[in-house]
Amino acid sequence: MEQGWLTKTFKGDRVIWGLVVLFMFYSLLAVYSSSAGVAFLKHSGNTTYFLRTQFLMLLLSIVIIVVVHYLPYRIYFSLAGLFLIISVILLVLTFIFGSRINEATRWLVIPGTGFSIQTSDVAKVALVIYLARSLAIFQNEVNNFMLVTKYFMFPAAIICGLILPENLSTAVMVFGISLVIMFIGRIPFRFLLAYVGMAVAGIVLFAMVLAAFTESNRVEVWKNRIERFVSGEEDADGDYQSNQAKIAISTGGLFGKAPGKSTQRNMLPQSNSDFIFAIIIEEYGLLFGAIPLILAYMILLFRGITIAKKCETAFPAFLVMGLITMIVVQAMLNMLVAVGLFPVTGQTLPMVSWGRTSVLVMSFSIGAILSVSRVVNARIRKEELPEEEKTDEGEKIYEPAKT
């Protein structure tokens, strides 16, 4: 009876549901271990502060996934333009009224609640949904450079341009994800190369203007990070985070130090968010920490491709591939930063790192993917039923979306 209730409640791809549980399991263990010391110092001796907040966020994320995966994915096609406009407004408000934390204005505080959101997280999902819709509409016109520039690259450039001043790494990541989605949508590679050239020129020009007419040190920070990464030179102060992460990883070895035995958690800034992967390896090692998580994200990518292949229409397929690409690319960037193979970006590990906006946004994304999977699975099961068991109601509910 319990199994039947679970099956009826949690529909869609069961493997993805299993991966969600796995991510949450690692999240609770790693967040508590990595942040107990910080919580003790900053929250009046309450060592479970971050564990408690993460547990509540994960409970809320389950609710979001369940609710979203019951919603028909067609609504995202209809609301894609509105989502994009709202995200642009939020980014502009953040630029003007945003809260400044760690020398960057990336958060917008909701009046009267004290709750802050990182608007770039909201914007990247809105852009993915918009690009999926555009690919579905213009799938037979992707060889038209002016059309692709107007309906694909221009909206992406607006979003990335609004994120760029305070968060170069996120802007570059969102731009890269957009290019991958467009490549999946069969937009000619020569177009994408042209857009990369334009983007590089735009970033260089922006950096020159920022350095010439403002006193901001953001350009110097970007320059130093890139130069140190390219040259391979280490700086005790500038590379402090990366060095501490490398120490954590190297001392973890194959089997790790055991849960709760990390020594670098008290020396590594952002150990419960940006560098949580390093703490997981330190405590659980390569065999029980790194490899299972890497495989989990690869399996998530594979399941997304499988769902997309089963779609009969373009929009749900592009929606799934776009959201899956966003999640996996961010996960890979976080891991590459932790092991020192990529410059520090400040990206969280999806569904594992401590966070608020990032957890909620990723939960929505997974819910949308499961929504497509739920409809696809129902259509396949319906096709396998005897003719007399196919109801008119089923035809109405599971009719493929017209894009």
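Coordinate-derived values only; no laboratory data. If you're wondering where the values come from, they're calculated on a predicted model, not measured in any experiment.
Just a few scattered comments:
- Normalised by residue count, region 34-78 yields a Cα convex hull volume of 89 Å³ per residue.
- Treating each Cα of region 241-350 as an identical point scatterer and summing with the Debye formula, the log10 of I(q)/I(0) at q = 0.12, 0.13, 0.16, 0.18 Å⁻¹ comes to -0.46, -0.52, -0.70, -0.81.
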